Structure formats: C-alpha cells, structure tokens
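Comments concern the structure below.
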Amino acid sequence: MKKYIAYAVTAFFATIAISIAAPNKEAIMAKENAAWQAFKDKKTDDFKKVVNAEFRGVYAEGISDMQKEMDDMKKWDMKSFTISDYNIVSVGADTIMSTYKVTVEGTFDGKDASGTFNAGSVWKMEKGGWKSIFHTNAKTEDATGANPG
C-alpha cells in the first residue's frame, strides 16, 4: 500500500512540475502579440524584450536577422494586425512552436502589404522568460489560387 501511495505522490508532483514548466497557450500568444505590437509601434526596445538577439526569420523576400528586422521595422506603416487560429506545440522542456494566421493592414516601403498570412514562430525559454528565436510567414492565396502579393 505504501508503495502505491509513493507512486501516486510521485506522479502528482511530476504532473505539477510539468504544468508549471510548460507555458499555456494564452501566455505564448500574449508574447506573440507583444512582438507584433512592438513591431507595429516601432518600439525596438519592446521588440527586443520578446525576441532573441540571434533571431532568424524566413520570408518571401529573404532571410532576416535582428538587424534586418530593425531596418524593416522602419519601412513598415502597419495600421493593424489580427492573430487568429493560434496553436502551440511543445517540442521540449524549453522550446515551443506556434502556428497561426495573421491579417495585416499596412504598407511596406510605400507599397500595400496588406493581407492574410500563415505564420509560425519558435519560442525558447532563456533566463526565465520566453523569447522568439525564429519566425516565418507566407501570404495566403486568394480563392483563384493566385497569390495576391
């Protein structure tokens, strides 16, 4: 009997430890929103609070690092963004992948860049907080199958 109680207590504490270590969907989505909001508002310091200095991005225009993100931030005039269909998958004790759709209204370098994008990010726990280490997005196709962008 003592053996079963010991197993039950061990399982209970293991479950608590996992639930404490694993972020919930809302917490990671809040970080994702914070990154988008900081980018939209051109707040580089806020952006760097949620994005790793060694960040990489993959987009139709090419591969990006933190410096390119900062340069591109200046060229954007983002009026709004809306995240939907948000999901996360834990891929280890300190790594989370997120997938979602984001609808953006705005211009990039004076040209309309509005649209809906399929997006994904990779988040890593470091120094007690979650930071984005990778992001990608691809503009969705319209009903005719042609890419509007």
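The values are calculated or read from the model by the stated rules, or taken from the named source; none is laboratory data. Given the structure is predicted, the values throughout are model-derived calculations rather than measurements. Cβ: placed from backbone, ideal geometry, glycine included. Neighbour counts: every protein chain shown. Only protein heavy atoms, including side chains, enter the accessible area calculation; ligands, DNA and RNA are left aside. Shrake-Rupley method; radii C 1.70, N 1.55, O 1.52, S 1.80 Å.
Evaluated against (1) open to solvent by 20 Å² or more (accessible area, probe 1.4 Å); (2) in contact with a helix residue (DSSP H, G or I) (Cβ under 8 Å, 6 or more places away or on another chain), TYR100 falls short on exactly one condition, (1).
Residues in region 29-81 that are under 16 Å from ILE133 (Cβ atoms), touching a strand residue (DSSP E or B) at 6+ places or on another chain (Cβ under 6 Å) and hydroxyl-bearing (Ser, Thr, Tyr): 1 in all.
Hey, does region 119-139 have a residue that's at pLDDT below 95, part of a strand (DSSP E or B) and either among the hydrophobic types (A, V, I, L, M, F, W, C) or open to solvent by 50 Å² or more (accessible area, probe 1.4 Å) (or both)? Yes, region 119-139 contains at least one residue that is at pLDDT below 95, part of a strand (DSSP E or B) and either among the hydrophobic types (A, V, I, L, M, F, W, C) or open to solvent by 50 Å² or more (accessible area, probe 1.4 Å) (or both). Across region 34-58, the qualifying residues are those that are closer than 21 Å to VAL91 by Cβ and surrounded by 14 or more Cβ atoms within 10 Å (Cβ to Cβ), and the one among them that is nearest to the chain's Cα centre (by Cα) is ALA35. Within region 79-97, the set of residues being over 23 Å from ALA53 (Cα atoms) and surrounded by 15 or more Cβ atoms within 10 Å (Cβ to Cβ) comprises PHE81, ILE83, TYR86.
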